[in-house]
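A short write-up of the structure that comes next.
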Amino acid sequence: MSTVKAKPPTITKIKFDDEGMFSSLYFQEWIPGYNHISVDQLCTIFSNESIHLVTFLCSCTSDGEYDETDVLSLKASPEGIVERVYGPVILASELGDLILRSGSNTFPLVQKGRDFILGSLKGELESYDLKIKKDTPEEKTISIPRIDFISPTDKSVIYSVRVLIQEGIDGEGLKQAARSEQAIAPYLLVAKSGGVTAYRLTEVPEGEYLVTGIDRNEGGKYGNSYLIIAGDTGVWSNKSLRSLLDKNYETFKKLLSQGSAVTLKIANIRELDNGKKTCDAALFLREPKAIAPKNLEALKPEVIETEVSEVKQGEKAIPF
């Protein structure tokens, strides 16, 4: 009597950085800049993707607790179109430890020999070839490192999380280092603490903001766009600020790097006949005269009492 061999279970591999993983997000319009995606938003937009992510995050800690209000980050263009979705990734902390970051959640990851322990998850570092074709007729193959975690509740499910490595480090080489039980943290990108929440100029209270940085995104629908950063808050440039920064971006970057004070002033927010909002905005080479509220997300319009006059002639401003 012959015996029938049981078929091995079909393995389902969940790659959180796969282009199609959170594809439904691309059909929504978003606030320009960085958006924080909650579990509730994910469940409203799609089903399987949110179930996989929630199940994974619940396994990242011993008690299953995490911040459900911010599990993914999304970057949108000034036109509100998705440019990139940031899912779970593995990095090194500023202290040199391994961590997994997903949205505002940071989970400790422990390397024990060739194994990696994340809450109730256990995995190994693997390397996958990715073929890319950029500006040349020839294809180039790069090696992408990932840690494949086996689901503790369903052995047929593997959560594959990308490992972000420093420039010049090869994914296959990192895999061999892990197989040899070498610590991989020194070869990973270091996670920066904090983040920037971006708004339109008309979405923040009128006031003066001390500028801590300016980032440029090149080649958008309307040309270059600029994110003016004040602490943990950023605002996208309007037409007049774009015109100014197109001519003086490098000058401002140099001034900021030298410690010079640069102030963003937002005044006279108003609604046009077509229903859209506009405002007056300028950059000044001085400290703010009146500090605007720092925690913009916690503000309610009715509690904003500070009146800000329009930009006056005679102030030391960079001319448009």
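The values are calculated or read from the model by the stated rules, or taken from the named source; none is laboratory data. The structure displayed is predicted, hence computed values, not measured ones. Here the Cβ is made from the backbone with ideal geometry for all residues, glycine too, and neighbour counts use every protein chain on show. Protein only, heavy atoms only, side chains kept; ligands, DNA and RNA dropped before computing areas. Shrake-Rupley method; radii C 1.70, N 1.55, O 1.52, S 1.80 Å.
Mind telling me which of the residues Lys140, Lys112, Lys131, Lys155 ends up being of a type in the set (Lys, Arg), surrounded by fewer than 12 Cβ atoms within 10 Å (Cβ to Cβ) and touching a residue at least 12 places away in the same chain (Cβ under 8 Å)?
After applying the criteria, what remains is Lys155.
Could you list, in sequence order, the residues of segment 266-281 that are without any contact (Cβ under 8 Å) to a residue 40 or more places away in the chain and either more than 28 Å from the chain's Cα centre (by Cα) or surrounded by 11 or more Cβ atoms within 10 Å (Cβ to Cβ) (or both)?
Arg270, Glu271, Leu272, Asp273, Asn274, Gly275, Asp280 - these are the residues of segment 266-281 that are without any contact (Cβ under 8 Å) to a residue 40 or more places away in the chain and either more than 28 Å from the chain's Cα centre (by Cα) or surrounded by 11 or more Cβ atoms within 10 Å (Cβ to Cβ) (or both).
Going by the structure shown, is Leu125 within 23 Å of the chain's Cα centre (by Cα), open to solvent by less than 10 Å² (accessible area, probe 1.4 Å) and modelled with pLDDT of 90 or more? Please lay out each step first, then the result.
Numbers: within 23 Å of the chain's Cα centre (by Cα): no; open to solvent by less than 10 Å² (accessible area, probe 1.4 Å): yes; modelled with pLDDT of 90 or more: yes.
For Leu125, the condition - within 23 Å of the chain's Cα centre (by Cα), open to solvent by less than 10 Å² (accessible area, probe 1.4 Å) and modelled with pLDDT of 90 or more - is not met.
Answer yes or no: is there a residue in segment 245-265 that is modelled with pLDDT under 65 and part of a strand (DSSP E or B).
No, segment 245-265 contains no residue that is modelled with pLDDT under 65 and part of a strand (DSSP E or B).
With the requirement that a residue be on the phi > 0 side of the Ramachandran plot and either open to solvent by 10 Å² or more (accessible area, probe 1.4 Å) or in contact with a Gly (Cβ under 6 Å, 6 or more places away or on another chain) (or both), what does segment 47-103 give you?
If we filter segment 47-103 for residues that are on the phi > 0 side of the Ramachandran plot, which is where we start, we get 64, 80, 96, 103.
Within segment 47-103, Gly64, Gly96, Gly103 qualify.
Which residue pairs have Cβ atoms closer than 9 Å, lie 6 or more positions apart in sequence or on different chains, and pair a first residue in segment 173-188 that is β-branched (Val, Ile, Thr) with a second residue that is open to solvent by 20 Å² or more (accessible area, probe 1.4 Å) and at pLDDT below 90?
Here the result reads Ile184/Ile165, each pair linking segment 173-188 to a residue that is open to solvent by 20 Å² or more (accessible area, probe 1.4 Å) and at pLDDT below 90.
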